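To start, the structure under review is shown below, and the notes come after it.
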Amino acid sequence: MADKAKIGLIGLGVMGENLALNIARNGFKIAVYNRSVDKVDAFVKGRGKDQPVIGCRDEKSFVESLETPRMIILLVKAGEAVDQTIAKLLPDLEKGDIIIDGGNSHFTDTQRREKELKEKGIYLVGSGVSGGEEGALWGPSLMPGGDKGAYEKVRPIWEAIAAKVNDGPCVTYLGPDGAGHFVKMVHNGIEYGDMQLIAEVYDIMRRGLSMPAREIADVFESWNKGILDSFLIEITSKILTVNDPDTGKPLVDVILDKAGQKGTGKWTSESALELGIAVPTIDSALTGRMLSALHKIRQEAAKILGGDEINSGKVPDKAEKEAILQALHDALYASKVCSYAQGMALIKEGSDFYKWNIDMSESARIWKGGCIIRAQLLEKIRAAFARRADLPNLLMDTEFAKTVRSFEKNWRKAIVFAVERGIPVPALSSSLAYYDSLRSAALPQNLTQAQRDFFGAHTYERVDKPELGFMHTDWIHLIKEKTPAK
């Protein structure tokens, strides 16, 4: 038993290699396998040399190299590849063995797999892993869900390799079946929103204030020292300082403006629609990426629709520029709060609907380190849910409400500045609309409901007689009564 590995890992991409090295560095012997055996050999002889690593050349020898109950991490492409890998492993597995899916699997796939495997006596832990290459190597944020007993066996390793913050490792058990992958999906949706908001603010500085990349970098660097302190703001400030070796121009200026996506952001929006939760900042980020992909069409449309008129307004003087920069700072923070508020509301609804009983405060805490959306404001989010576990919306927390309300004037000012110059700010605008809608005691959907009842007899409720329940009105009859006879 002593010569066997404590845990195994399948999938030696960059994330897989780095996570394996993280596990080995923390004193756990690990067996590794990859469909391409050349990768196994290269890893064992290269980065894994002199580490407690066992390289395996097929599924059977891989499974046999592990202590029982076996713990196997899968870091393969989400979807069919996960099912295929599990199918190949099953003949050699025994009851009580544990598979840990560390990829970006859709939570419904995790629910299905967990149920199917449990019938065979095998446990599945669906664990989100966030932090990119560096996080995997030095400490990611880990979001496990599945059988609680199975996770307890995995826990010592997961806590050892996770990022560490002032209140512990960035990992917590989130709940049964697909809870972990659901939280990771929403994490990625928030990430989409955050990145779009930063891009829009960058665009306003670039086109609205005619600032070069290096000057914008300095602004983001200064913002990162205050309440906007976050991983994404930090890397933005660094990216904008890099020059292209070929042209000498800022590298960001020669990158084609077409953003890719792998699907987790789309899944967040789809889940929000199914659960009836509004996530307009995240939706706008998805729309922004889809519009960016229409590069050829945009070039033609710019000629037809007067793209050269964008930012044709007066160039701000120094004093106005400083005022706009402060407005952008406040607008970015307030909008980021909205993005997180939407994500947390979705996690809460998902937890209630699927009966996961996710601890909202812990969910925020484990994002404080290691992950892509780590930010100073996550401690405030953790504290907000610690104060009130059933908080319906983050914007309703007294501390966040106070800050966002104090930024409201500048938030509007930043958006007006962009809109007047034709600079698109879908995420900033939808965040403000979300805030304004949430705080409106009366919305115009009374008219919407009247329209629905008029053409489809969909009924409505009265504000003055709630005890009557749902009612239908014969609108045509009432209209005819009011129409004077000729």
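The values are calculated or read from the model by the stated rules, or taken from the named source; none is laboratory data. All of these numbers come straight from a predicted model, not from anything done at the bench. Cβ coordinates were reconstructed from backbone atoms using ideal geometry, including for glycine residues, and neighbour counts include every protein chain displayed. Just so you know, the surface numbers come from the protein's heavy atoms only, side chains and all, with ligands and any DNA or RNA stripped out. Shrake-Rupley method; radii C 1.70, N 1.55, O 1.52, S 1.80 Å.
Rounded to the nearest 500, the 222 nm mean residue ellipticity of the chain from helices alone is -17000 deg cm²/dmol, with -39,500 (n - 2.57) taken per DSSP H run of at least 4 residues. Extension gain, A386 to D474, is 26.7 nm, computed as 0.36 nm per intervening residue step minus the present C-alpha separation. The peptide list 57-68, 165-176, 97-108, 453-464, put in order of mean Cβ contacts within 10 Å with the highest first, becomes 97-108, 165-176, 57-68, 453-464. Beyond 28 Å in Cα-Cα separation lie the following of the pairs K148/K225; K4/K120; K6/K184; K238/K336: K148/K225.
Split the accessible area of the range 331-483 by element, probe 1.4 Å, and carbon with sulfur accounts for 56%.
Note that the range 283-357 presents 53 Å² accessible area per residue, ligands and nucleic acids not counted, probe 1.4 Å. Given the chain, what percent of its DSSP beta bridges are antiparallel, to the nearest 5? Around 35 percent of the beta bridges assigned by DSSP in the chain are antiparallel ones. The residues of the range 5-162 present an accessible area of 41 Å² per residue when probed at 1.4 Å with all protein chains retained.
Here the extension length gained between A457 and D83 equals 130.0 nm, from 0.36 nm per residue of separation less the Cα-Cα distance. Distance between the C-alpha centres of the range 1-52 and the range 434-448: 54 Å, rounded to the whole angstrom. Need one word for the chain: rounded, prolate or oblate. Basis is the Cα gyration tensor (sqrt eigenvalues a ≥ b ≥ c); a/c below 1.5 gives rounded, then a/b vs b/c decides. Verdict is oblate for the chain. Working from label points 7 Å from Cα in the Cα-to-Cβ sense, the K249 to R112 distance is 4.6 nm.
Judged by the mean number of other Cβ atoms found within 10 Å, the most tightly packed of the peptides 388-398, 271-281, 7-17 leads the ranking 7-17, 271-281, 388-398.
Among the trypsin sites (Lys or Arg not before Pro) within the range 244-276, those in coil by DSSP and having at most 15 neighbouring Cβ atoms inside 10 Å are K258, K262.
Listed by chain and number, the lysines whose C-alpha is less than 18 Å from the C-alpha of K45, apart from same-chain residues fewer than 8 away, are K29.
Classify the range 218-267 as rounded, prolate or oblate, taking a ≥ b ≥ c as the square roots of the eigenvalues of its Cα gyration tensor: rounded when a/c is under 1.5, otherwise prolate if a/b is larger than b/c and oblate if not. Oblate. Counting charges near I324 (Lys, Arg +1; Asp, Glu -1) among other residues having Cβ under 14 Å from its Cβ returns a value of +1.
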